[in-house]
């Protein structure tokens, strides 16, 4: 699997996990132990050697936006859409290094 496709796939899996966690939390379950913490892997695969808090903040904001728009009815469509949006945004962040300024 090429790196780009792997990153897009992992982003999609992280979105899927967040949707599932949110659904369980809305039912009253404590899901802290079941969070898929692969953001560091994704950012490393993307080539970010330094990962300041502002980079994580921007990444998690993108994930939150994806989760807000994703339901079980449109899951496949939104995973594809948002994985590519987030990948494109990471390209923009990496090329301009806007994460350094927040």
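Values for this structure:
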item: Subset tally (residues that are assigned to a helix (DSSP H, G or I) and either under 16 Å from the mean Cα position of the chain (by Cα) or modelled with pLDDT of 90 or more (or both)) for region 13-33; result: 14
item: Of residues in region 72-88 being free of Cβ contacts under 8 Å to residues at least 12 places away in the same chain and part of a loop (DSSP other than H, G, I, E, B), the one surrounded by the most Cβ atoms within 10 Å (Cβ to Cβ); result: 74
item: Yes/no for residue 61 being modelled with pLDDT of 95 or more, within 15 Å of the chain's Cα centre (by Cα) and surrounded by fewer than 15 Cβ atoms within 10 Å (Cβ to Cβ); result: yes
item: Members of region 89-102 that are touching a helix residue (DSSP H, G or I) at 6+ places or on another chain (Cβ under 8 Å) and either in a helix (DSSP H, G or I) or surrounded by 13 or more Cβ atoms within 10 Å (Cβ to Cβ) (or both); result: 89, 90, 92, 93, 94, 98, 99, 100
item: Sole residue being surrounded by 11 or more Cβ atoms within 10 Å (Cβ to Cβ) and outside any helix (DSSP H, G or I), chosen from 36, 10; result: 36
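The values are calculated or read from the model by the stated rules, or taken from the named source; none is laboratory data. Owing to the predicted nature of the structure, the values given are computational and were not obtained by experimental measurement. So basically every Cβ, Gly included, is an ideal-geometry build from the backbone, and we count neighbours across all protein chains shown.
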